[in-house]
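Trainee: First the structure, which I've put down as structure tokens, then a few questions once you've had a look.
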Amino acid sequence: MTTRDDPRRKLDAAVIAPRPTRHYRAAAFQTYVLTASGAFVVLAVGARIVPYFPIDLTITRFVQSYHGVTFARLMFAISWIGFLPQSIPIGLLPLVLLFVAGLRWEAIVGLFAAAAVGVDTLVKLIVQRPRPSIDLVHVYRELSQSAFPSGHVLTFTALSGYFAFLVHTLLKPAWERTTLLIAIPVLALMMGLSRIYQGQHWFSDVMGAYLLGSLWLALTIRVYRWGKPRFFVDQPVAPEAPAAKGRASD
């Protein structure tokens with residue numbers, strides 16, 4: 001069989017993006033990582049120095065100016081997801097289902113994504129930013145932990161973003177897939193809004209969490225793509241071809 005007749009060459013031509021496109025996408029991704037990293041460091045340093053920025057107070061008061069009962073209940077329900085103890089079974093249940101369904105590596109890497117909670121704890125210990133004060137805004141319930149970044153938003157961004165990645169990568173095009181790819185980002189945005197609405201985080205806390213959460217998500221996807229062809233080529237569902245020799249650094 002000639003090289004031209006190799007099925008892998010046909011697959012490469014039909015599915016894989018051209019080399020210039022791959023290089024462009026890689027450069028765009030690296031640019032985002034560098035930009036997000038720089039923006040997060042700037043926010044973290046600022047949060048370490050000042051308790052809040054003027055825009056934080058402006059945005060919180062604007063968000064809290066709406067007093068609709070249904071909206072308030074929705075904000076409470078979304079924030080409730082991220083509090084202990086219910087956050088543990090809510091976060092782990094999808095991973096258990098993935099493992100039982102045969103997506104073993106996907107479930108294991110999901111635990112890595114969930115480890116964002118540890119990153120949040122570490123950054124909070126370093127920054128030590130006070131929570132919004134009841135003298136400035138309405139606070140649904142006072143919390144003692146450091147405000148920056150928002151743990152709800154960071155963890156939800158990393159874990160739900162990973163689920164969105166799996167939906168985009170593994171599922172065939174269908175209305176269910178499209179619905180999930182729309183619903184997951186919307187919920188992530190609503191989580192940030194709920195933390196501001198309840199007066200438990202400033203806008204900059206939430207933005208810092210989105211930035212750091214997206215960076216942890218990028219690292220999670222990197223781990224997933226690195227390990228799948230090396231350790232889980234024979235799993236029952238969505239197996240992967242073994243990694244080619246000489247590509248251990250991919």
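The values are calculated or read from the model by the stated rules, or taken from the named source; none is laboratory data. Keep in mind that what you see is a predicted model, and the values were worked out from it rather than measured. Cβ sites come from the backbone with ideal geometry, for glycine too, and all protein chains shown count toward neighbours. The protein model used for the area step is the full one, side chains on, heavy atoms only, and it has no ligands, DNA or RNA in it. Shrake-Rupley method; radii C 1.70, N 1.55, O 1.52, S 1.80 Å.
Trainee: Restricting attention to the range 91-143, and to residues there that are at pLDDT below 90 and of a type in the set (Phe, Trp, Tyr), which single residue is least open to solvent (accessible area, probe 1.4 Å)?
Mentor: Ranking the candidates gives Trp105 first.
Trainee: Could you list, in sequence order, all residues of the range 62-90 that are in contact with a helix residue (DSSP H, G or I) (Cβ under 7 Å, 6 or more places away or on another chain) and open to solvent by 70 Å² or more (accessible area, probe 1.4 Å)?
Mentor: Residue satisfying the conditions is Ile90 alone.
Trainee: I'd like the full set of residues that are over 18 Å from Arg195 (Cβ atoms) and small (Gly, Ala, Ser), limited to the range 69-123.
Mentor: Once the filter is applied, which keeps residues that are over 18 Å from Arg195 (Cβ atoms) and small (Gly, Ala, Ser), the range 69-123 yields Ala101, Gly102, Ala107, Gly110, Ala113, Ala114, Ala115, Gly118.
Trainee: Look through the range 118-151, keep the residues that are of a type in the set (A, V, I, L, M) and in a loop (DSSP other than H, G, I, E, B), and return whichever of them is nearest to Ala164 (Cα to Cα).
Mentor: Checked the range 118-151; the qualifying residue nearest to Ala164 (Cα to Cα) is Ala147.
Trainee: For the structure I just gave you, tell me whether Thr31 is in a helix (DSSP H, G or I), surrounded by 12 or more Cβ atoms within 10 Å (Cβ to Cβ), modelled with pLDDT of 75 or more and of a type in the set (Val, Ile, Thr).
Mentor: No; evaluated as a whole, the condition is false for this residue.
Trainee: I've got another one for you. What are the pairs, 6+ residues apart or on separate chains, where a residue within the range 115-126 that is in contact (Cβ under 8 Å) with a residue 24 or more places away in the chain has its Cβ under 7 Å from a residue that is open to solvent by 40 Å² or more (accessible area, probe 1.4 Å) and part of a helix (DSSP H, G or I)?
Mentor: Ala116/Trp216; Val119/Trp216
Trainee: Before we move on, is Ala174 farther than 30 Å from Arg61 by Cβ and at pLDDT below 90?
Mentor: Yes; evaluated as a whole, the condition is true for this residue.
Trainee: Could you list, in sequence order, all residues of the range 187-209 that are closer than 14 Å to Ala47 by Cβ and open to solvent by 10 Å² or more (accessible area, probe 1.4 Å)?
Mentor: Across the range 187-209, the qualifying residues are Phe203, Met207.
Trainee: Here's a follow-up. Could you go through the range 47-61 and let me know if any residue there is closer than 22 Å to Val186 by Cβ, in contact with a Gly (Cβ under 7 Å, 6 or more places away or on another chain) and open to solvent by less than 40 Å² (accessible area, probe 1.4 Å).
Mentor: Among the residues of the range 47-61, at least one is closer than 22 Å to Val186 by Cβ, in contact with a Gly (Cβ under 7 Å, 6 or more places away or on another chain) and open to solvent by less than 40 Å² (accessible area, probe 1.4 Å), which makes the answer yes.
Trainee: State which residue pairs qualify: first residue open to solvent by 70 Å² or more (accessible area, probe 1.4 Å) and inside the range 165-186, second residue part of a helix (DSSP H, G or I) in any location, beta carbons under 6 Å apart, and separation of 6 or more residues or different chains.
Mentor: Leu171/Arg177; Leu180/Val167
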